[in-house]
Amino acid sequence: MQSTGWELPTWAPLPARPDPDFDELARRLAAELQVHRALVVLVSKGGQVYPGAYGLPEPWESRRSMPLAQSMSLRVVASGTPLVLRDARLDPDLADRVGVRELAVVAYAAVPLTDVHGHPIGVLSVSDER
């Protein structure tokens, strides 16, 4: 995995709560691409949170967070480049992640979100069970 050379921010634990505008962005993205799930993900050294989510089942909808060890977004944040997988179950780095095992992620695509300086801080992702 290529690194951007940018270290993850050390923000205090990010608030794992919904943001209505990000939720709407996720809903529109899922509808436009006709996928089951879309997420706006912010990543820090403390973990990742989903201020925007559509199609996230419980308990993940209420939690709105996941440890970095289970992150499917970290590769995109670390490289600063988009990732598209036809079948995440076949990716050796992601096959054992919670998203693939418990959330039934098969198809997965993510693009980096950056701060005002161009440093990756999260992703906009979509996934589907097919």
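Listing for the model above:
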{"read-out": "Residue satisfying all of: in the stretch 111-130; touching a strand residue (DSSP E or B) at 6+ places or on another chain (Cβ under 9 Å) and either free of Cβ contacts under 8 Å to residues at least 60 places away in the same chain or more than 19 Å from ASP23 (Cα to Cα) (or both); most open to solvent (accessible area, probe 1.4 Å) among these", "value": "ARG130"}
{"read-out": "Number of positions in the stretch 23-61 that are at pLDDT 95 or above and open to solvent by 70 Å² or more (accessible area, probe 1.4 Å)", "value": "8"}
{"read-out": "Matching option when the condition is within 13 Å of the chain's Cα centre (by Cα) and under 15 Å from HIS36 (Cβ atoms), among LEU83, LEU56, LEU124", "value": "LEU56"}
{"read-out": "Selection from the stretch 93-109 of residues that are touching a residue at least 60 places away in the same chain (Cβ under 8 Å) and of a type in the set (Gly, Ala, Ser)", "value": "ALA107"}
{"read-out": "Pair list, Cβ < 8 Å and 6+ apart or interchain, from the stretch 79-92 residues that are without any contact (Cβ under 8 Å) to a residue 12 or more places away in the chain to residues that are buried (at least 16 other Cβ atoms within 10 Å of the Cβ) and part of a strand (DSSP E or B)", "value": "ASP91/LEU85"}
{"read-out": "The stretch 70-96: number of residues that are out of contact with any strand residue (DSSP E or B) (no Cβ under 9 Å at 6 or more places or on another chain) and open to solvent by 40 Å² or more (accessible area, probe 1.4 Å)", "value": "5"}
{"read-out": "Checklist (1) open to solvent by 40 Å² or more (accessible area, probe 1.4 Å); (2) under 21 Å from ALA16 (Cα atoms) applied to ARG101, failing item", "value": "(2)"}
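The values are calculated or read from the model by the stated rules, or taken from the named source; none is laboratory data. Keep in mind that what you see is a predicted model, and the values were worked out from it rather than measured. Note that each Cβ is placed from the backbone with ideal geometry, even for glycine, and that neighbours are counted across all protein chains shown. What goes into the accessible areas is simple: the full protein's heavy atoms, side chains included, and nothing from ligands, DNA or RNA. Shrake-Rupley method; radii C 1.70, N 1.55, O 1.52, S 1.80 Å.
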